[in-house]
Each structure stands twice: as structure tokens, then as C-alpha cells.
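A.B. asks: Have a look at the structure that comes next, please.
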Amino acid sequence: ATDSAGAYQSTMIDLPETFNYLLGIRVQQITDEREKRGYLTIEGLLPNDARCLIVWRDCEKMGYAEVAQFFDKHNINPNSKQYDVIYLNGDHDMANQWQNEDGSESRLALRAIELEFLNRMFAQ
């Protein structure tokens with residue numbers, strides 16, 4: 001940030017709150033488990049009324065295996081139809097496509113927070 005004279009000044013920002021604003025999400029629930037389990041979840045509705053889950057995680061506390069366990073524990077998969085879109089930060093190996101027992105395929109709209117954040121913040 002700059003002051004009226006144009007000098008730069010360090011400013012702390014709240015990334016989850018800024019991302020919520022950029023998405024235009026109407027927040028319905030926030031679960032803050034950052035200290036205990038290393039994640040923060042935000043549930044709500046996007047401007048198009050799509051159900052959205054945002055998962056901010058400390059990648060050192062919640063790695064690949066823990067993300068998979070989190071998704072299993074919360075029944076997050078294409079067949080649950082619980083969310084229309086899910087945003088997740090950090091690198092992960094979560095599948096966004098599943099083969100069902102009947103041979104059909106289901107997709108999960110799983111998106112990277114970082115890419116969406118940058119596109120919305122700096123897109124021209």
C-alpha cells in the first residue's frame with residue numbers, strides 16, 4: 001500500500017477474506033481449525049448460487065494423505081453433490097474424476113485457489 005505521498009508501507013492482508021470478496025461468495029459457515037488441524041474451511045454460495053467450499057490449509061500440517069482423509073471424512077466426492085465447486089490451496093493429488101461402479105464417470109469441480117486468486121485479482 002502507499003500513503004498520500006506515494007511512499008510504500010507494509011500492510012497485512014487477510015487472504016481468505018480477500019478471496020471471499022473476489023469470488024463474491026455469500027458465506028454461510030466458517031470452520032477454523034488452523035491451530036489444531038491446519039485448515040480453515042469456508043462454505044457458501046457464489047453469485048450464481050453454486051454451492052462452494054473453500055479449503056485453506058497449512059501444507060506442512062495437511063499434506064497429500066491428510067487432504068484425501070479430509071475429503072473422505074467429509075464425504076466430498078462427485079457423487080455426494082454436496083458442493084458445486086471446491087477451491088483448495090497448495091499442491092495436491094486429488095482426483096477430480098471418478099469411475100462409478102456402473103461404469104459411468106463423475107466429475108468434481110476442484111479448482112486451485114492460487115490460480116483463481118491471481119486471475120481475479122490481476123485479470124484485465
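The values are calculated or read from the model by the stated rules, or taken from the named source; none is laboratory data. Small disclaimer: the values here were computed from a predicted structure and weren't measured. All Cβ positions, glycine included, derive from the backbone under ideal geometry; neighbour counts span all protein chains shown.
A.B. asks: So which residues in region 90-124 are modelled with pLDDT of 75 or more and either aromatic (Phe, Trp, Tyr) or touching a Cys at 6+ places or on another chain (Cβ under 8 Å) (or both), if there are any at all?
C.D. replies: The answer is Gly90, Asp91, Phe117, Phe122.
A.B. asks: Out of all the residues in region 109-124, which are part of a loop (DSSP other than H, G, I, E, B) and over 13 Å from the mean Cα position of the chain (by Cα)?
C.D. replies: Ala123, Gln124 - these are the residues of region 109-124 that are part of a loop (DSSP other than H, G, I, E, B) and over 13 Å from the mean Cα position of the chain (by Cα).
A.B. asks: Exactly one condition in (1) surrounded by 13 or more Cβ atoms within 10 Å (Cβ to Cβ); (2) over 26 Å from Phe70 (Cβ atoms) is false for Thr11; which is it?
C.D. replies: For Thr11, the failing item is (1).
A.B. asks: Can you tell me how many residues in region 23-52 are surrounded by fewer than 14 Cβ atoms within 10 Å (Cβ to Cβ) and touching a residue at least 60 places away in the same chain (Cβ under 8 Å)?
C.D. replies: Of the residues in that region, 0 qualify.
A.B. asks: If I go through region 2-52 residue by residue, how many of them are at positive phi and at pLDDT below 95?
C.D. replies: Residues flagged as at positive phi and at pLDDT below 95 within region 2-52 amount to 2.
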